[in-house]
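**Q** Quick one: the structure is below, questions incoming.
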Amino acid sequence: MGLPLGRAADETLLAGLTTGDPEIAVAFVRRFQRTVYGVAIAVVGDPQLAEDIAQQTFERAWRHAQMYDSRRGSVKTWLTTIAHNLAIDTVRARRSTPVAPEDLDALLDIVGTETPEQRVVAAESARRVRTALAALPREQARALAMAGIYGMTAQQVAESEHIPLGTAKTRIRAGMAKLRTALAAAEPKRAGHE
């Protein structure tokens with residue numbers, strides 16, 4: 001490689017993972033282990049589970065290293081997104097019931113502000129989604145969060161919010177349409193594309 005592994009670029013280490021070189025794998029894990037573990041522990045709150053998620057994150061990075069696209073963010077952003085998604089999936093799989101809808105207002109308030117954990121996890125696209133979601137009318141944001149984040153059906157949203165099914169569906173559809181429009185407007189123009 002020429003450079004000591006500790007000073008190699010993130011992209012170089014990631015590309016080196018596919019070679020099966022154990023020194024490169026160790027250097028890659030050492031560089032990102034605190035960040036990946038930090039994301040996992042922030043989401044799941046269980047040290048052992050966070051370690052398992054961190055291990056799964058590095059395994060996934062190794063298996064999918066060739067899919068990394070530097071135009072979509074840094075290696076760190078890519079890796080923390082993998083860790084965050086795995087942690088969220090783990091929480092969802094372990095949770096027998098979704099978060100209480102009455103707690104959604106507090107969650108939506110947090111979505112609009114940036115915490116240290118969110119800075120670690122937030123890729124540019126995630127930041128745009130949070131901003132667009134926070135800008136929606138509260139009832140649409142709640143309906144979208146219930147459906148999109150917690151996996152509730154429109155019927156479950158209607159029952160939880162004590163509104164007619166048609167109103168729940170309308171809130172979800174209208175919120176999604178506004179979210180798509182906001183995200184399309186915020187999409188950075190790439191050179192050569194219009």
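Taken together, the values in this text are just the output of simple stated rules run on the coordinates, not laboratory data. Because the structure is predicted, anything quoted here is derived from the model rather than measured. Reconstructed Cβ throughout: ideal geometry from the backbone, glycine too, with neighbour counts over all protein chains shown.
**Q** What net charge is computed for the residues neighbouring Gly16, neighbours being all others with C-beta under 12 Å from the C-beta of Gly16, Lys and Arg scored +1, Asp and Glu -1?
**A** -3
**Q** Net charge within 14 Å of Leu79 by Cβ-Cβ distance, Lys/Arg positive one each and Asp/Glu negative one each, not counting Leu79 itself?
**A** In short, +3.
**Q** Can you compute the modelled spin-label distance between Glu139 and His64, with each label point 7 Å from Cα toward Cβ, in nm?
**A** 3.7
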